Amino acid sequence: MRFTWTGLILAPLLVPVLFSAAFASLSEVKWPALAFLIMLVPGCIVSYGTTIVLFLPCLFLLSLWRPMTGFKVCLLGLALGVAVFVPLTLLEWQSSGPDSGPPTESFLTSLVRSTADPFSALFPLAGLTTAALYWWLGTRRGRSIAAQE
């Protein structure tokens with residue numbers, strides 16, 4: 001699969017924008033635009049970081065081994081969304097103790113409890129959405145280049 005700058009810029013941006021818009025519209029804050037930005041910044045850090053550090057290198061390595069289809073790219077995004085959930089849960093666990101001190105329960109217990117939370121389903125869905133959008137933007141551009149030749 002070809003690398004596309006459009007996909008790199010736009011694909012990781014969709015999920016943080018949607019999540020931040022939902023958060024800002026559902027929260028009863030005085031300045032919803034500020035709430036939107038407060039949620040957008042960490043969401044973009046996680047989304048762009050995962051895309052650049054995990055998704056693109058894995059996509060490159062897998063494309064050397066097998067031809068990539070939209071289904072395989074979406075499965076990769078889904079798997080990486082699950083994989084990103086673990087280190088973020090580790091960060092949450094490390095500050096989960098009394099007064100943000102050391103945790104009182106084991107990480108495995110916290111991970112199992114966090115997995116049962118419906119919010120944790122957003123990570124695989126975000127990975128799937130980002131991968132699907134990257135694939136769509138990359139193949140759309142590839143078709144337009146081929147049509148010009």
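The values are calculated or read from the model by the stated rules, or taken from the named source; none is laboratory data. Computed from a predicted model, the values in this text were never measured in an experiment. Using ideal geometry, Cβ is built from the backbone for each residue, glycine included, and neighbour counts are taken over all protein chains shown. Just the protein is used for accessible areas: all its heavy atoms, side chains included, with ligands, DNA and RNA removed. Shrake-Rupley method; radii C 1.70, N 1.55, O 1.52, S 1.80 Å.
Here are some notes:
- Area of Arg140 that stays accessible when all protein chains are in place (1.4 Å probe, Å², to 10): 120 Å²
- The C-alpha atoms of the chain define a longest principal axis, and helix 5-26 lies at about 40 degrees to it.
- Principal-axis analysis of the Cα atoms of the chain puts helix 70-94 at an angle of about 20° to the longest axis.
- Of interest is the spacing of the C-alpha centroids, which for the range 68-111 and the range 113-133 amounts to 10 Å.
- Solvent-accessible area of the chain (1.4 angstrom probe, protein heavy atoms only): carbon and sulfur portion equals 73 percent.
- Between helix 32-50 and the chain there is an angle of about 60 degrees, using the helix long axis and the longest principal axis of the Cα atoms.
- Under a model in which nothing but the beta-carbon of Lys, Arg (+1) and Asp, Glu (-1) is charged, the chain shows a dipole of about 720 debye around its Cα centre.
- In sequence order, calculated HN-Hα J values of the range 111-124 (Karplus, 6.51, -1.76, 1.60; Hz; x Gly/Pro): 5, 5, 5, 5, 5, 6, 6, x, 4, 5, 5, 5, 5, x
- Cα gyration tensor category, rounded, prolate or oblate, for the chain with a/c compared to 1.5: oblate
- The stretch between Trp31 and Trp5, if pulled fully straight at 0.36 nm per residue, gains 6.0 nm over its current Cα-Cα span.
- Qualifying trypsin sites (Lys or Arg not before Pro) in the range 1-78, where qualification requires a DSSP coil assignment and no more than 12 other C-beta atoms within 10 Å, comprise Arg2, Lys30.
- Shape class of the range 1-56 from the Cα gyration tensor (axes a ≥ b ≥ c, square roots of the eigenvalues): prolate, since a/c reaches 1.5 or more and a/b is larger than b/c.
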